[in-house]
Amino acid sequence: QESRTLVQVFDLSYSEIGKRFSSGLYRDLWEAAVDKLEEQESFVAFERGMEDFLMEHTRLARRIVFGPEPVFGYALAKRREMAHIRILAIGKLNRIPSKIVKERLGKTYV
């Protein structure tokens, strides 16, 4: 089912693909990313939005007492923190303006 859907939307424009999403959460994220893509010709907003979306759902895992969800959430949060440290270090080494670095940083687990 999903692979057929991907093949069907392959030739559509970005805005037409967004209309195919049934969920408001995905649609809102996609539309915001397409707007940024058209303005700045960059997928940074989409990447950060997807990471923030995942982190929001991971935060909910802290409330689950029994199960693997809290462990998974913790591991994902640590991975995200390491990515943030890497972005900051590379930005500092390459003297990238802080405004650009802040665009690439998203929400954290805490």
The stretch 91-101, subset touching a helix residue (DSSP H, G or I) at 6+ places or on another chain (Cβ under 9 Å) and open to solvent by 50 Å² or more (accessible area, probe 1.4 Å), residue farthest from Ala33 (Cα to Cα): Lys92
Out of Leu29, Leu88, sole residue that is of a type in the set (A, V, I, L, M, F, W, C), at pLDDT 75 or above and touching a helix residue (DSSP H, G or I) at 6+ places or on another chain (Cβ under 6 Å): Leu29
Residue check, Arg104 out of contact with any His (no Cβ under 8 Å at 6 or more places or on another chain), charged (D, E, K, R) and in contact (Cβ under 8 Å) with a residue 60 or more places away in the chain: yes
Boolean, Met82 is at pLDDT 80 or above, in a helix (DSSP H, G or I), open to solvent by less than 40 Å² (accessible area, probe 1.4 Å) and closer than 22 Å to Lys102 by Cβ: no
Failed item in (1) without any contact (Cβ under 8 Å) to a residue 24 or more places away in the chain; (2) of a type outside the set (Phe, Trp, Tyr); (3) open to solvent by 70 Å² or more (accessible area, probe 1.4 Å), with Ala32 passing the rest: (3)
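The values are calculated or read from the model by the stated rules, or taken from the named source; none is laboratory data. Everything numeric here is computed off the predicted structure, so don't read it as measured data. Backbone-built Cβ (ideal geometry, glycine too); neighbour counts: all protein chains shown. Please note that ligands, DNA and RNA were not included when accessible areas were found on the heavy atoms of the full protein model with its side chains. Shrake-Rupley method; radii C 1.70, N 1.55, O 1.52, S 1.80 Å.
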